[in-house]
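Data block below; observations after.
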């Protein structure tokens, strides 16, 4: 889920920056893994109430 959000936002950012000029760029799983490593993004699964808090934070900041 987190990876899909990052890939979607990256595609939107590329579209806003360059229009259709780079429409063939592929945000693959390899690209995503390197991006997460470069920016030290880690995903820890949490259960219960803390999981719902993470989801609310994601919706607030990333799903605008």
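The values are calculated or read from the model by the stated rules, or taken from the named source; none is laboratory data. The structure presented is a predicted model; accordingly, all values stated were derived computationally and were not measured. All Cβ positions, glycine included, derive from the backbone under ideal geometry; neighbour counts span all protein chains shown.
Residues of segment 1-29 that are under 24 Å from residue 57 (Cβ atoms) and not in a helix (DSSP H, G or I): 1, 27.
Answer yes or no as to whether residue 16 is surrounded by 12 or more Cβ atoms within 10 Å (Cβ to Cβ) and at pLDDT 85 or above. Spell out the reasoning first.
Values: surrounded by 12 or more Cβ atoms within 10 Å (Cβ to Cβ): no; at pLDDT 85 or above: yes.
No, not satisfied.
Table: residues versus (1) touching a helix residue (DSSP H, G or I) at 6+ places or on another chain (Cβ under 9 Å); (2) at pLDDT below 90.
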site: 1; (1), (2): yes, yes
site: 26; (1), (2): no, yes
site: 33; (1), (2): yes, no
site: 46; (1), (2): yes, yes
site: 50; (1), (2): no, yes
site: 55; (1), (2): no, yes
site: 60; (1), (2): no, yes
site: 64; (1), (2): no, yes
